[in-house]
Amino acid sequence: MMPESPGRRKQYGRRLRTVRDASLKLLGSLPPVEWQRVAMHSESGAASVGRSLDIYAEHGHEHADGVRR
């Protein structure tokens, strides 16, 4: 469910930015060998950390587009 008022949209945007910043910090701390690890994604199957990041980035853009509407 998307926030309705402009104030709630700003709040949602700030929260999303906080989560993205924390994710960037975590991902930036990974050694190269960890980027090669593979896990099973529920929708797209086997995915490395790099591929999972691509999926996450696309997903974040979808949310940002919804906030801008």
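The values are calculated or read from the model by the stated rules, or taken from the named source; none is laboratory data. Note that the structure is a prediction, hence the values are computed from the model and not measured. FYI the Cβ positions are ideal-geometry reconstructions off the backbone, even for glycines, and counts take in every protein chain you see.
List every residue pair whose Cβ atoms sit under 8 Å apart, with the two residues 6 or more apart in sequence or on different chains, where the first one lies in the stretch 49-60 and is over 12 Å from residue 39 (Cβ atoms) and the second, anywhere, is at pLDDT below 85 and of a type in the set (A, V, I, L, M, F, W, C).
The qualifying pairs are 60/16.
Considering each residue of the stretch 16-50, count those that are more than 12 Å from the chain's Cα centre (by Cα) and within 18 Å of residue 62 (Cβ to Cβ), and give that number.
Result for the stretch 16-50: 5.
Being assigned to a helix (DSSP H, G or I), hydroxyl-bearing (Ser, Thr, Tyr) and surrounded by 11 or more Cβ atoms within 10 Å (Cβ to Cβ) is the filter here; which residues of the stretch 1-51 pass it? Even if it seems obvious, please write down each step before you answer.
Taking the stretch 1-51 and keeping what is assigned to a helix (DSSP H, G or I), we get 6-28, 32-36, 49-51.
With the extra rule that they be hydroxyl-bearing (Ser, Thr, Tyr), the set shrinks to 12, 18, 23.
Correct list: 12, 23.
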